[in-house]
Amino acid sequence: MTIEKVSQEAKLFLTQYFNETDKPYEYLTQRIAQVNSEIDQKGYYTQTYDEIVYGAKLAWRNSNRCIGRLFWERIEVADARKADTYEEVFDYLLSHIQLSFNHGRIKPYITIFRPQQEKKNIIKIWNHQLLRYAGYQTEEGIIGDSDSIQFTKICEGLGWKGARTNFDILPLVVQIGDNHPQWMEIPDDIIPEIPIEHPDYPEIASLNLKWYAIPIISDMRLEIGGLDYIAAPFNGWYMGTEIGARNFADEYRYNMLPKVAEKMNINTKHESNLWRDRALVELNAAVLYSFKKQGITITDHHTAAKQFEVFEKHEAAKGRDVTGKWTWLIPPVSPATTHIWHKPYTNDILTPNFFYQDKSYQ
Ligand code: HEM
Ligand SMILES: N=C(Nc1cccc(CNC[C@@H]2CCCN2)c1)c1cccs1
C-alpha cells in the first residue's frame, strides 16, 4: 500500500470512528493532521489504543462470514504492539488462551501485535488456530485432524514430536523477522478440552471423542485504517455445528457418522432411512450437551441465527446495511429452519476487516 493510500485509509477509518462515537469534529481534524504528519515522517502511523479497539470491533462487525456479529461491541483487546522477543510473544499467546477461556465463561478476545508497516521484528504466527489437533498420514490411514497434516509436518521438521493420538494439541509456532521460527508446547493444564457424551445414548461416550473449548483464529490479517496487523489472534465461542457437523462429521476429517450410527443401533445399509442425518443430529446434540455439562460457553445454530437476526435489526435501526456471505452464514445442520436461508445478503467487503493472508510456510 502506498503512503498516499495509507493516509486515505487512515482518514476514512478515523472519520468513521469519530462519527460513530460522537467525538467533536475538531478532534477529528486535529487527529487527521497529526496522523498525516506522522505518515510524512515515517511512512506509517501509530494508532491509539482506543483506535485499535474500535478498529477490531468494526472488523468483527464487517466479517461477512460471521453469524456471531450481534456481540461485535463486546470484545476485549490485548495491546501486544510492544512485544519484541519470542518469550514475550509466547507469553501473550498463553495469556490469550487463559484469559479468553475465563473458567468456561468464554470472552471474545483479540491480541494485537505490531503492524507490518513497522518493518522491524515482524511477528508471524504460523498456526491456523492457537489450539488445534495434529494430523498424520500413515500406511494404516489418517490419524488425528487431516486439516493439520501439512502443518504437523512443519512442526515435526522444527523438532516437535507428536504422540500420534487422534487429539495431539499442536505446538505454538512463531517467527520474528527473518529469524528461524521457534515452537513451544502449550502446557496441558491450560488446554481446556471437553469429552463428548450423549444424555440418551450412553454408548456414544465409548467413541472417546473430545474437542478443545475455544477456537482462536491466528492466521488472518486484521486491517485497520491502512495498517496491516498480520498477527492478531482472535476468538469467540464455538457454534456446536462447527464441531459436530464438520470437524467430526466430514469424511475427510474425523468421519464419525458411521460409528455414531452403530452406537445408536441404526441400520446403515440404506441411505433412505436417513441414518446419516439421525447420527448427525445426535452427534451435534452430544456436542452441545457435553459443553454445557462442563460449563463451557457454546451456542446452537438456532440460537446463533436468532441472535444474528437481532444484529440485523440493530444495524437497520442504525441505518447501516448488513453485508454477509450467505453460503457461510447458513449453518450446515437444518439450514432452512433459519431465517438466513430465506433471505439474500450482499457480500460487499468493507474495512476494517479480517482477511486471509499467505501462509508463512509452504
Ligand atoms: C462470539 C461468538 C462467535 C461465534 C458463535 C461465531 C461464529 C462463527 C462461525 C460459525 C463462523 C464460520 C466458521 C466456519 O464455518 O469455519 C464464523 C466465521 C468468522 N468469524 Fe465469527 N463468531 C464469533 C465471534 C467472532 C469474533 C470475536 C470475531 C473477530 C473479532 C469473529 C470473526 C469471524 C471471521 C473473520 C470469520 C470468517 C473466517 C473465515 O473467513 O475463514 N467471529 N464465526
Ligand atoms: N466460532 C468460531 N469459528 C470460526 C471462525 C472463523 C474461522 C473458523 C475456522 N474456519 C476454517 C474452517 C476450515 C475450512 C472452513 N472452515 C472458525 C470462531 C473463531 C474465532 C472467533 S469465532
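Derivation of every value follows stated rules applied to the coordinates shown; laboratory data play no part. Keep in mind it's a predicted model, so treat the numbers as computed, not measured. Counting neighbours? That spans all protein chains shown, and the Cβs are built from the backbone with ideal geometry, glycine included.
Normalised by 2.2 N^0.38 Å, where N is the number of residues, the C-alpha radius of gyration of the chain stands at 1.07. For the chain, the relative contact order comes to 20 percent (Cα pairs under 8 Å, sequence separation of at least 6). Computed from phi, the 3J(HN,Hα) profile of the range 347-354 under the Karplus parametrisation 6.51, -1.76, 1.60 (θ = phi - 60°) reads 9, 5, 9, 9, 10, x, 6, 9 Hz, with x in place of Gly and Pro. Loop-located GluC sites (Glu not before Pro) across the range 127-205 with a Cβ neighbour count of 11 or fewer within 10 Å are 139, 140, 185, with loop assigned by DSSP. Once each of the trypsin sites (Lys or Arg not before Pro) sitting in a DSSP loop with at most 14 other beta-carbon atoms within 10 Å is removed, the chain keeps 165-268 as its longest stretch.
Around residue 326, under 11 Å between beta carbons, what's the net of Lys plus Arg minus Asp minus Glu among the other residues? Computed value for this residue: +3. Taking a straight Cα-Cα cut-off under 30 Å and skipping sequence neighbours fewer than 8 places away in the same chain, the lysines within cross-link reach of residue 306 are 57, 107, 210, 292, 293, 318, 325, 343. Legend: calculated FRET efficiency, residue 253 to residue 180, from the Cβ-Cβ distance at R0 = 30 Å, rounded to 0.05, equals 0.45. Computed from backbone phi, the HN-Hα couplings of the range 120-127 come to 7, 6, 4, 9, 10, 9, 7, 6 Hz, rounded to whole numbers (Karplus: 6.51 cos²θ - 1.76 cosθ + 1.60, θ = phi - 60°; Gly and Pro given as x).
Each label was represented as a point 7 Å from its Cα along the Cα-to-Cβ direction; for residue 73 and residue 32 these points are 2.5 nm apart. For the range 234-263, GluC sites (Glu not before Pro) meeting the loop criterion (DSSP other than H, G, I, E, B) and having at most 13 other Cβ atoms within 10 Å: 251. The range 244-297 and the range 76-95 have Cα centres spaced 38 Å apart. Given their separation in residues at 0.36 nm each and the Cα-Cα distance between them, residue 348 and residue 293 gain 15.9 nm when the chain is fully extended.
Which whole number in µm²/s is D for the range 17-59 by Stokes-Einstein, with the Kirkwood Rh taken over Cα pairs at 25 °C and 0.890 mPa s?
Details: Rh = 11.2 Å.
Rounded, D is 219 µm²/s.
Taking other residues whose beta carbon is less than 13 angstrom from the beta carbon of residue 301, and scoring Lys, Arg as +1 and Asp, Glu as -1, yields -1.
As an exercise, find the ratio Rg/Rh for the range 1-74 from alpha-carbon atoms, using the Kirkwood inverse-distance average for Rh.
Numbers: Rg = 13.5 Å, Rh = 13.3 Å.
In the range 1-74, Rg relative to Rh is 1.02.
Couplings 3J(HN,Hα) of the range 84-89, computed from phi: 10, 10, 4, 4, 5, 5 Hz, in residue order, whole Hz [Karplus 6.51 cos²θ - 1.76 cosθ + 1.60, θ = phi - 60°; x for Gly and Pro]. Taking every alpha-carbon pair in the range 251-362 and binning the separations at 10 Å intervals from zero gives 11, 28, 30, 23, 7, 0 percent. Amide H contacts of residue 210: 196, each under 5 Å away and 5 or more positions distant or on a separate chain (H built 1.01 Å from N in the peptide plane; Pro and chain starts excluded). Extension gain, residue 200 to residue 88, is 35.7 nm, computed as 0.36 nm per intervening residue step minus the present C-alpha separation.
Neighbours of residue 82 by Cβ distance under 14 Å: Lys/Arg scored +1, Asp/Glu scored -1, total -3. Working from Cα pairs under 8 Å separated by at least six residues, relative contact order for the range 1-133 is 18 percent.
Taking a point 7 angstrom from the Cα of residue 158 along the C-beta vector, which residues in the range 109-143 have backbone N less than 18 Å away? Only 113-114, 121-136 pass the distance filter.
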